[in-house]
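Would you mind keeping the following structure in view while I ask a few things?
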Amino acid sequence: MFCYQCEQTVSCAGCTGNAGVCGKKADTAKLQDELTGALIGLARSMDDTTMISQNTWRIIIEGLFTTVTNVSFDNTAIENMIQKVRAEKERLVPNCSNCQAPCGRTEEYDMQKLWNDDEDIRSLKSLILFGIRGMAAYAYHANVLNYEDTEVNQFFREALFKIGYEESVERLLPTVLKVGEINLKCMALLDKANTETYGTPEPTDVTLTVEKGPFIVVTGHDLKDLQLLLEQTEGKGINIYTHGEMLPAHAYPFLKKFSHLKGNFGTAWQNQQKEFDHLPAPILYTTNCLMPPKSSYADRVFTTEVVAFPGAVHIDEKKDFTPVIEKALELGGYKENQIFSGINGGTKVTTGFGHAAILSHANTVVDAVKSGAIRHFFLVAGCDGAKPGRNYYTEFVKQTPSDSIVLTLACGKFRFNDLNLGEIGGLPRLMDMGQCNDAYGAIQVAVALADAFGCSVNELPLSFVLSWYEQKAVCILLTLLHLGIKNIRLGPSLPAFLSPNILNFLVENYGISPITTPEEDIKTLLNHN
Ligand code: FSO
Ligand code: SF4
């Protein structure tokens, strides 16, 4: 196998051999390559636009999402997905399969060609492929809420087509940045879908205490699944706790009105094998990040949508959560209330500082900057992961000066979101903007501040300190580059799929650089703007 799409890849080079660090086996990796090749074949078969249906786009989006890190470990599910892609292609170009003189134009792509290509071409095509895989996750969540964007859909096809086509560095670079441009539209679409369906997030305190009695833990990003589960568990004496990227759900008015949505259990995804060990409750995975379950809790793992693990009960599109509910009642939960704390000992966290909440205080913020009460903004955001070097982010936040604001989003925040950093002018110094997709909100805030000060985003006293793990972080990074944002600090290590030349390009044009030490980076960033 060969896979180098996430940050934990072996030796910052690539997972090879029988299995990857994430637990993905070689045969699964091979099937994911086959699925990607089949998707490129489908993209090549879409010339007759009158034949393309909503289902065509949904298949492409679902297929790409399936290959994101920690989503599907189930070969049967991936094989079924490949068959769906092939059947759709057959519907679009029925004559290709029995053509007597095949021209090869609609053929599936052999991913080995990409993995063995010239290193710069491979690097750029990888940025495109991994970027659209991440973007597909966002498009998928929006689709579930019946929100769609034609431009976003069409770009999936364009990008897949380019990956399967011989291209030069000069021709691929604009497509890499276009991934960022279209991902901004895709994140805007999901922001609209979430807020129009569930209301505008409001700052909300979330307890880390788990009450006695039966409960269910819900993890992942899909708010619709949480809504359906809340509806099906109402009045059944079962409490619901979010985990990982589901935490920001507490801030949505429609969801917080369910009184049995009690609090948050646990921290970020990489701690799940420890936190779920012997948990007296089932866990519902609505998206990544799923780690191979330990035997002590394997019987309580339930998956839905594209997430799948062999042996785990999968809740299908009928969305009947009865097996999860029965498991919660059978396990019974804790006998007494359990007061858990975050990584730094805090017993509650706060979320819901989306762009609307922050911008409702825009005047306060602008005045505080003008008076010098706020010297700097740091966006410390992104994924969490297992590497010890990720303590950098905790230390960074702890060391930010008391006249600075820290905005955060995605699951990396669990390293510091239970810290009390105090307030400036009535605003907390640490504000959680939501899931990784809410990077869209951070961009809105940055643009609004730049407008208020009549300068560019790069001239603001604002620094981006990002942590990455999987492919959604790739598309967000490309969006920031598309917007011309400079001097991003990226860690804990740089992606293995950046060749030296492409990395040089990013350094020279965008000033992107790896994290060093919190002390050094804070000093440099404060002096920079
Ligand atoms: Fe984290 Fe996992 Fe949201 Fe990623 S839960 S690592 S960036 O999937 O998606 O932040
Ligand atoms: Fe390795 Fe990451 Fe690929 Fe898993 S997703 S096989 S850990 S590079």
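The values are calculated or read from the model by the stated rules, or taken from the named source; none is laboratory data. These numbers were taken from a predicted model, which means no experiment stands behind them. Glycine also receives a Cβ, built like all others from the backbone with ideal geometry; neighbour counts cover every protein chain displayed. Surface areas here come from the heavy atoms of the whole protein model, side chains and all, with no ligands, DNA or RNA. Shrake-Rupley method; radii C 1.70, N 1.55, O 1.52, S 1.80 Å.
Give the accessible surface of the chain per residue, rounded to a whole number of Å², with probe radius 1.4 Å and ligands, DNA and RNA excluded.
For the chain, the solvent-accessible area averages 38 Å² per residue.
Within region 78-107, list the residues whose amide N lies under 12 Å from a label point set 7 Å along Cα→Cβ of ASN55.
84-85, 87-92
Order the following by accessible area, largest value first: LYS212, LYS84, LYS523, LYS162. Probe radius 1.4 Å; ligands, DNA and RNA are ignored.
Ranking LYS212, LYS84, LYS523, LYS162 by accessible area, largest first, yields LYS523, LYS212, LYS84, LYS162.
Okay, next question. Can you tell me the dipole magnitude for region 1-100 around its Cα centre, using point charges on the Cβ only (Lys, Arg +1; Asp, Glu -1), in Debye to the nearest 20?
In total the dipole reaches around 40 debye.
Which cross-chain or sequence-distant (5 or more) residues have an amide H under 5 Å from the amide H of TYR4, H modelled 1.01 Å from N in plane?
For TYR4, the qualifying residues are CYS15.
Around SER72, which amide H atoms from residues at least 5 apart in sequence, or from another chain, sit under 5 Å from its own amide H, with H modelled in the peptide plane?
ALA308
Continuing with this model, one more query. Lys/Arg Cβ at +1, Asp/Glu Cβ at -1, dipole of region 10-198 taken about the Cα centre: which of CYS12, GLN100, ALA193 is farthest positive-ward?
Final value for the positive-end residue is ALA193.
Roughly speaking, to the nearest percent, how much of the chain's 1.4 Å accessible area is carbon and sulfur?
Using a 1.4 Å probe with all protein chains present, the chain comes out at 50 percent carbon and sulfur.
So what's region 408-511 giving for Rg/Rh, alpha carbon basis, Kirkwood Rh from the mean inverse pair distance?
My calculation of the ratio gives 0.98.
What distance in nm separates the simple spin-label points at LEU503 and ASP451, each placed 7 Å from Cα in the Cβ direction?
Rounded to a tenth, the inter-label distance reads 3.9 nm.
Restricting to Cα pairs below 8 Å that are 6+ residues apart, what does the relative contact order work out to for region 287-413? Please round to a whole percent.
16
Please report, in Å, the Rg and the Dmax of the chain, where both are computed over Cα atoms only.
Rg then Dmax for the chain, in Å: 22.6, 76.
Another question about this same structure. To check you understand DSSP bridge types, tell me what percent of the beta bridges within the chain (both residues inside) are antiparallel, rounded to 5.
Restricted to the chain, the bridges split so that about 25 percent are antiparallel.
Mind listing the Cα extents of region 204-339 along all three principal axes, in Å, largest one first?
Here the Cα extents, ordered largest to smallest, are 35, 32, 27 Å.
What is the set of long-range amide H partners of ILE216 at a cut-off below 5 Å, with H atoms built 1.01 Å from backbone N?
ASN239, ILE240, TYR241
Something else now. So what's the net charge close to ASP384: Lys and Arg +1, Asp and Glu -1, counting the other residues with Cβ under 12 Å from its Cβ? Mind dumping the intermediate values first?
Details: positive: LYS387, ARG390, LYS413, ARG415; negative: GLU7, GLU245, GLU470.
Local net charge: +1.
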